[in-house]
1. Condition (residue is outside any helix (DSSP H, G or I) and touching a helix residue (DSSP H, G or I) at 6+ places or on another chain (Cβ under 9 Å)) applied to the stretch A:112-123: is it met by at least one residue?
2. For residues that are within 22 Å of A:PRO286 (Cβ to Cβ) and open to solvent by 70 Å² or more (accessible area, probe 1.4 Å), scanning just the stretch B:42-58, find the one that is nearest to the other protein chains (Cβ to nearest Cβ).
3. What are the pairs, 6+ residues apart or on separate chains, where a residue within the stretch A:319-332 that is closer than 16 Å to A:TRP184 by Cβ has its Cβ under 7 Å from a residue that is outside any helix (DSSP H, G or I) and aromatic (Phe, Trp, Tyr)?
4. Quick check on A:SER239: is it in contact with a strand residue (DSSP E or B) (Cβ under 6 Å, 6 or more places away or on another chain) and farther than 28 Å from A:ALA337 by Cα?
5. Looking at the stretch A:167-177, can you tell me whether even one residue there is out of contact with any strand residue (DSSP E or B) (no Cβ under 6 Å at 6 or more places or on another chain), open to solvent by 40 Å² or more (accessible area, probe 1.4 Å), over 29 Å from A:PHE407 (Cα atoms) and without any contact (Cβ under 8 Å) to a residue 40 or more places away in the chain?
6. Right, A:ALA358: over 20 Å from A:ILE148 (Cβ atoms) and without any contact (Cβ under 8 Å) to a residue 12 or more places away in the chain or not?
7. Considering only residues that are out of contact with any Ser or Thr (no Cβ under 6 Å at 6 or more places or on another chain), in a helix (DSSP H, G or I) and away from every other protein chain (no Cβ under 13 Å), which ones fall in the stretch A:245-264?
Amino acid sequence: MSDSTIALTVIFGIVAVSSAVAFYAGARYKMDLEQWSVAGRGFGVLLVWLLMAGEIYTTFAFLGASGWAYSRGAPALYILAYLALAYVVSFFILPYIWEVGRRFGMQTQSDFFEKRYGSKYLAAFVSLVGVAFIVPYLQLQLTGLGIIMEVASYGGIKRAVAMLIAFALVAAFVFASGLRAAAWISVIKDLLMLFAVVFVGIALPYHYFGGIGKMFAALVAAKPTHLVLPGSTKVMGESWYISTVLLTSFGFYMWPHLFAASFSAKSSDTLRRNAVFMPLYTITLPFILFVGFTAILVLPNLTNGDLSLLALVQKTFPAWFLGIIGAAGALTAMVPAAVLMLAAATLFAKNVWRLIFAPTMTDDQVARLAKSLVVVITALALYFAIYSSTTLVALLLTGYAGVTQFFPGVVFGLFWKRVTMPGVFAGLVVGIATVAFLMLGGRDPFLGLNAGFVSLCLNFVVTVAVSLLTPAQASAFDEPVRVAP
Amino acid sequence: MLLALLPFIATCFSVPLWDTVYPLVLGLPFNLFWLTAWILLTPLCMWGAYYLERAAAEKEGGKP
């Protein structure tokens with residue numbers, strides 16, 4: 001057998017076995033809308049948190065983080081900072097979100113906006129924006145899967161074909177089993193990922209340099225500026241770092257799927273306690289960065305930094321081991337892709353289509369519409385994935401720039417009585433328009449700041465100004481929200 | 001609240017203070033070491049915040 005056959009066989013074998021386990025877990029339930037999209041709300045705390053914690057172990061962390069360590073250097077350090085800080089932010093807002101969610105029976109982020117601001121158009125707009133910015137995140141996962149297939153086939157399968165295969169795999173997976181399968185498979189994924197990352201993060205520097213410290217010593221000697229901001233870029237300096245960390249740590253729980261996942265926790269206290277310990281989950285990330293840094297000296301001429309982890313593993317280890325790492329990577333792309341597809345499709349079918357155009361739809365019709373939307377949304381992401389060449393981290397930052405624009409609406413909605421629907425609507429429109437203007441126009445970073453952060457500041461200003469100019473509104477949350485700690 | 005600000009100050013706003021390669025700590029460049037250390041210290045801060053908040057709520061006579 002050739003090397004590529006071995007590697008691909010191992011990948012497909014592991015993916016198939018994991019999927020079989022997941023299908024078995026889902027097979028006992030009848031698949032209606034509720035089961036398919038939120039697993040009947042019947043998840044134990046453990047599964048919910050595996051889904052949420054697993055969220056940080058996506059292709060982004062696996063290939064994107066090492067990719068940026070390789071191509072940009074120090075700016076990749078923002079990844080170490082923002083996740084821990086995102087949990088700090090969550091400690092203060094999630095318990096309140098959970099509390100109103102329970103009081104009003106909310107299921108999605110859009111429900112939150114509808115209840116708080118009493119406007120179905122705002123709610124539909126929020127869903128639409130959410131779906132629009134899930135697309136780059138989904139594109140990220142598909143691109144990652146494409147890269148894995150390309151490297152594992154030793155170049156035998158071209159990127160575009162590989163992404164088509166990946167698309168078919170994930171769509172089939174989502175169609176057949178919904179969220180329950182995703183939750184189970186994420187257990188396997190996290191374990192495999194943990195092993196893969198710690199092993200290669202230690203083994204690769206040892207193999208080439210005799211230790212992590214020696215690797216860094218060699219790197220500092222060869223490229224002294226790569227390891228401090230702005231690394232190997234011209235524009236990603238300290239102000240970029242600060243604005244990006246703020247943007248992404250505020251934005252983390254504004255992702256529609258993560259926001260909604262917090263509703264399924266058992267109590268607000270569970271959310272608090274999890275916020276305390278979740279930062280520990282990110283402890284594997286430094287190991288991923290080690291791999292990217294090692295690759296700089298061993299494989300200095302890669303055209304795409306996102307290839308660095310896999311290319312280095314391919315160069316160093318036998319084909320079967322590349323297969324195992326590839327499989328871990330494939331699962332870290334497939335599970336989040338499945339969750340994202342489900343979230344986007346259900347959000348669009350339920351909170352845009354049914355809310356505005358077809359209020360009489362039954363749940364079954366919504367479920368059918370959502371299933372066909374899975375194909376449409378993924379095809380869109382696939383189209384972008386094939387025709388654009390941005391790095392994985394840049395894709396994630398685009399998504400963050402978009403979803404973080406919900407932050408003023410959520411935080412003011414919880415803590416500021418004077419905020420009004422027109423204020424939030426105007427702020428959101430201005431924020432999104434600025435993101436589109438700056439990012440599509442290639443003006444990111446803007447004046448040394450992350451473009452998404454600039455948009456967020458404008459959004460805040462507009463929200464406050466318009467709220468104060470419009471008459472005060474009564475809010476459904478008006479009776480003081482008291483959270484028992 | 002103050003305890004929660006600590007990680008923000010340490011890993012975000014103070015970046016000019018620790019963004020250097022030297023001194024190498026445990027073989028890691030100092031900025032990388034600093035951030036990794038804060039991944040471990042952040043839960044400690046939040047643990048403190050959690051207990052303080054709980055204690056305050058109990059004092060108020062709320063539910064434990």
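1. Within the stretch A:112-123, the first condition is being outside any helix (DSSP H, G or I), and the residues that meet it are A:118-119.
In the following step, the residues that additionally are touching a helix residue (DSSP H, G or I) at 6+ places or on another chain (Cβ under 9 Å) were identified as A:118-119.
Checked against the condition, which is being outside any helix (DSSP H, G or I) and touching a helix residue (DSSP H, G or I) at 6+ places or on another chain (Cβ under 9 Å), the stretch A:112-123 yields at least one hit.
2. Let us first name the residues in the stretch B:42-58 that are within 22 Å of A:PRO286 (Cβ to Cβ), namely B:42-47.
Okay, now just the ones that are also open to solvent by 70 Å² or more (accessible area, probe 1.4 Å), so B:44, B:47.
Values: B:LEU44: 9, B:TRP47: 5 Å.
The extreme case among them is B:TRP47.
3. From residues that are closer than 16 Å to A:TRP184 by Cβ, the pairs are A:THR332/A:TYR57.
4. Details: in contact with a strand residue (DSSP E or B) (Cβ under 6 Å, 6 or more places away or on another chain): yes; farther than 28 Å from A:ALA337 by Cα: yes.
Yes.
5. Scanning the stretch A:167-177 turns up at least one residue that is out of contact with any strand residue (DSSP E or B) (no Cβ under 6 Å at 6 or more places or on another chain), open to solvent by 40 Å² or more (accessible area, probe 1.4 Å), over 29 Å from A:PHE407 (Cα atoms) and without any contact (Cβ under 8 Å) to a residue 40 or more places away in the chain.
6. Numbers: over 20 Å from A:ILE148 (Cβ atoms): yes; without any contact (Cβ under 8 Å) to a residue 12 or more places away in the chain: yes.
Judged against the criteria, A:ALA358 is a match.
7. Just the residues of the stretch A:245-264 that are out of contact with any Ser or Thr (no Cβ under 6 Å at 6 or more places or on another chain), to begin with: A:245-246, A:248-249, A:252, A:255-259, A:261-264.
Right, trim to in a helix (DSSP H, G or I) and you get A:245-246, A:248-249, A:252, A:256-259, A:261-264.
Matches in the stretch A:245-264: A:PHE252, A:PRO256, A:HIS257, A:LEU258, A:PHE259, A:ALA261, A:SER262, A:PHE263, A:SER264.
To keep it simple, each residue is scored yes or no on (1) surrounded by fewer than 24 Cβ atoms within 10 Å (Cβ to Cβ); (2) part of a loop (DSSP other than H, G, I, E, B).
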residue	(1), (2)
A:LEU307	yes, no
A:ALA337	no, no
A:LEU340	no, no
A:LEU347	no, no
A:LEU355	yes, no
A:MET361	yes, yes
A:ALA367	yes, no
A:ALA379	yes, no
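The values are calculated or read from the model by the stated rules, or taken from the named source; none is laboratory data. This one's a predicted model, so the numbers in the text were calculated from it and none came from an experiment. Counting neighbours? That spans all protein chains shown, and the Cβs are built from the backbone with ideal geometry, glycine included. Just so you know, the surface numbers come from the protein's heavy atoms only, side chains and all, with ligands and any DNA or RNA stripped out. Shrake-Rupley method; radii C 1.70, N 1.55, O 1.52, S 1.80 Å.
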